[in-house]
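Only one structure is covered here, and it is reproduced in the block below.
The values are calculated or read from the model by the stated rules, or taken from the named source; none is laboratory data. Everything quoted here is computed from the prediction, not taken from an experiment. A quick note on method: Cβ atoms are made from the backbone with ideal geometry, for glycine too, and the neighbour counts reach across all protein chains shown. Ligands, DNA and RNA are stripped out before the accessible areas are found, and what is left, the full protein with its side chains, is counted by its heavy atoms. Shrake-Rupley method; radii C 1.70, N 1.55, O 1.52, S 1.80 Å.
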Amino acid sequence: MKISRIAELLNAEVVSGKELLESDVHSACGSDMMSDVLAFVKDQAVLLTGLVNPQVIRTAEMMDMLCVVFVRGKQPSADIVALAEECGIALLTTSERMYTACGKLYAAGLTGGSVVKK
């Protein structure tokens, strides 16, 4: 699924990374706990979260994620936007709650991927 389609489905504002909108993502992960995100398989993915701090971008970078969607209308600060731009990660923000946003993406065909077994 293209990041532009994610923005459309979630009625999301593109905060940064407009040049990445035609990039494909193959799975999604929704969490406010970055330790859970680290258990996610590395692939072209999008992270949905209500947590707004630089650690979110660092975690997404480590996991080779292309896009972070902030839910519940959360707005990233200028330093978070700058870090995401430096890392090549698109940032979106939506007023949807995480459960609803994940459900809309899943219903549109974006899967959850697989989980790393410990």
| message | Quick check on my filter: what residues within region 1-31 are over 15 Å from L66 (Cα atoms) and touching a residue at least 24 places away in the same chain (Cβ under 8 Å)? | response | L9, L10, N11, A12, E13
| query | Taking into account only those residues within region 76-106 that are buried (at least 16 other Cβ atoms within 10 Å of the Cβ) and assigned to a loop (DSSP other than H, G, I, E, B), which is nearest to the chain's Cα centre (by Cα)? | reply | I89
| message | Given the criteria in a loop (DSSP other than H, G, I, E, B), under 13 Å from L10 (Cα atoms) and open to solvent by less than 80 Å² (accessible area, probe 1.4 Å), does G109 qualify? | response | no
| task | Being among the polar types (S, T, N, Q) and more than 15 Å from S16 (Cα to Cα) is the filter; apply it to region 32-75 and report the residue that is modelled with the lowest pLDDT. | result | Q44
| For residues in region 43-64 being touching a residue at least 40 places away in the same chain (Cβ under 8 Å) and of a type in the set (A, V, I, L, M, F, W, C), which is nearest to Y99 (Cα to Cα)? | L48
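Let me confirm something: among G88, G73, G103, which residue is touching a residue at least 60 places away in the same chain (Cβ under 8 Å) and small (G, A, S)?
That would be G88, the only listed residue that is touching a residue at least 60 places away in the same chain (Cβ under 8 Å) and small (G, A, S).
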| query | Among E96, E85, which is the only one that is in contact with a Leu (Cβ under 7 Å, 6 or more places away or on another chain) and of a type in the set (D, E)? | reply | E96
